[in-house]
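Visitor: Here it is: the structure, laid out below.
The values are calculated or read from the model by the stated rules, or taken from the named source; none is laboratory data. These numbers were taken from a predicted model, which means no experiment stands behind them. Ideal geometry is used to build each Cβ from the backbone, glycine not excepted, and the neighbour counts take in all protein chains shown.
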Amino acid sequence: MTAAAAGWLALGYLCGSVPFGLLLTRAAGLGDIRAIGSGNIGATNVLRTGNRTIAAATLLLDGAKGAAALLVARWLAGPEAAPWAALAAGLGAVLGHLFPVWLRFAGGKGVATGLGVLLAAWWPVGLITCAVWLAGARLARISSVGALLAFAAAPLAALALGNLPVTGLAAVIAVLVFTRHAANIRRLLAGTEPRIGKKT
């Protein structure tokens, strides 16, 4: 990895490592989100507090930080370096959300941040991924089902549309998201995965 690529990855990591779920729930007087439900800092666990407004804000801000990292890198890098700098920063944002140094590397599961990155990387793939996520979650009423279906579809959509760089990025993000959902997959197989909106 070149020094420049490492720099863009680090920029993305810093953007992605902001734990909005933790910050917003504390500001709203809901306590430490890590002591609620799954202990995750993402929007799905925030929803388990019963506060839909804070959950929606967490979802939007987690997505926005992923998109912002990629777009800022694309803007700063210049015409020649912009494509790979943007992809490096986008990947860094997802890694920052998953493994934030401020929380001893115990972060979220990368769904909202990954969606934001893909929307900013190439909006057709981002929209397809969002549509699959919403449809899967709505039909199953299980957040992890929507997430897993969406990120499985993302690299396939990018490949079908002929964008190989975004295919690679989407594939790496999918591996990360699936890895972070290992416990969810086990619960799905056991039939014990909680449904959306279940308050803890």
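Visitor: Take L169 and tell me if it is under 26 Å from P19 (Cβ atoms) and touching a helix residue (DSSP H, G or I) at 6+ places or on another chain (Cβ under 7 Å). Give the derivation first.
Guide: On the way: under 26 Å from P19 (Cβ atoms): yes; touching a helix residue (DSSP H, G or I) at 6+ places or on another chain (Cβ under 7 Å): yes.
Criteria met by L169.
Visitor: Hey, among the residues in segment 149-161 that are in contact with a Gly (Cβ under 9 Å, 6 or more places away or on another chain) and buried (at least 23 other Cβ atoms within 10 Å of the Cβ), which one's farthest from T44 (Cα to Cα)?
Guide: Filtering first and then ranking leaves A158.
Visitor: Shifting gears a bit: Among the hydroxyl-bearing types (S, T, Y), farther than 23 Å from G107 by Cβ and assigned to a helix (DSSP H, G or I) - does that describe any residue in segment 139-153? Lay out the reasoning, then the answer.
Guide: Within segment 139-153, the subset among the hydroxyl-bearing types (S, T, Y) is 143-144.
From the residues that got through so far, the ones that are farther than 23 Å from G107 by Cβ too are none.
No: segment 139-153 contains no residue that is among the hydroxyl-bearing types (S, T, Y), farther than 23 Å from G107 by Cβ and assigned to a helix (DSSP H, G or I).
Visitor: With respect to A88, determine if the residue is in contact with a Ser or Thr (Cβ under 8 Å, 6 or more places away or on another chain), buried (at least 22 other Cβ atoms within 10 Å of the Cβ) and modelled with pLDDT of 95 or more. Please lay out each step first, then the result.
Guide: Working: in contact with a Ser or Thr (Cβ under 8 Å, 6 or more places away or on another chain): no; buried (at least 22 other Cβ atoms within 10 Å of the Cβ): yes; modelled with pLDDT of 95 or more: yes.
Considered against the rule, which asks whether it is in contact with a Ser or Thr (Cβ under 8 Å, 6 or more places away or on another chain), buried (at least 22 other Cβ atoms within 10 Å of the Cβ) and modelled with pLDDT of 95 or more, A88 comes out as no.
Visitor: Out of G107, G66, G126, G90, I need the residue that is over 21 Å from A158 (Cα atoms) and among the small types (G, A, S). Which one?
Guide: G107
Visitor: Also, I was wondering about something else. So P124 clears everything in (1) in a helix (DSSP H, G or I); (2) touching a Pro at 6+ places or on another chain (Cβ under 9 Å) except one condition, right? Which one?
Guide: Failing condition for P124: (2).
Visitor: Give the residues of segment 156-200 that are assigned to a helix (DSSP H, G or I), aliphatic (A, V, I, L, M) and in contact with a Ser or Thr (Cβ under 6 Å, 6 or more places away or on another chain), sorted by residue number. Show your work before the answer.
Guide: Of segment 156-200, the ones assigned to a helix (DSSP H, G or I) are 156-160, 164-180, 182-190.
With the extra rule that they be aliphatic (A, V, I, L, M), the set shrinks to 156-160, 164, 166, 169-177, 182-183, 185, 188-190.
Matches in segment 156-200: A158, L159.
Visitor: Among the residues of segment 19-76 satisfying the criterion of being basic (K, R), under 23 Å from C130 (Cβ atoms) and touching a residue at least 12 places away in the same chain (Cβ under 8 Å), which is surrounded by the most Cβ atoms within 10 Å (Cβ to Cβ)?
Guide: Step by step, filter segment 19-76, then rank; the result is K65.
Visitor: Looking only at residues that are of a type in the set (A, V, I, L, M) and crowded, with 16+ Cβ neighbours inside 10 Å in segment 127-148, which one is nearest to the chain's Cα centre (by Cα)?
Guide: Filtering first and then ranking leaves A147.
Visitor: Somewhere in segment 163-181, is a residue farther than 19 Å from V117 by Cβ and either crowded, with 16+ Cβ neighbours inside 10 Å or of a type outside the set (S, T, N, Q) (or both)?
Guide: Step one: of segment 163-181, the residues farther than 19 Å from V117 by Cβ are none.
No, every residue in segment 163-181 fails to be farther than 19 Å from V117 by Cβ and either crowded, with 16+ Cβ neighbours inside 10 Å or of a type outside the set (S, T, N, Q) (or both).
Visitor: Another question, if that's okay. Given segment 1-102, what helices (runs of 4 or more DSSP H) lie entirely inside it while holding 1 or more residues that are closer than 23 Å to A171 by Cβ, in contact with a helix residue (DSSP H, G or I) (Cβ under 7 Å, 6 or more places away or on another chain) and not hydroxyl-bearing (S, T, Y)?
Guide: 3-16, 52-77, 82-98
Visitor: For segment 5-18, which positions are under 16 Å from L71 (Cα atoms) and in contact (Cβ under 8 Å) with a residue 40 or more places away in the chain?
Guide: A5, W8, L9, A10, L11, G12, Y13, L14, C15, G16
One line per residue, one yes/no per condition, for (1) over 20 Å from F99 (Cβ atoms); (2) among the aliphatic types (A, V, I, L, M):
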position: P19; (1), (2): no, no
position: L30; (1), (2): yes, yes
position: I33; (1), (2): no, yes
position: I36; (1), (2): yes, yes
position: A43; (1), (2): no, yes
position: G50; (1), (2): yes, no
position: A57; (1), (2): yes, yes
position: L60; (1), (2): yes, yes
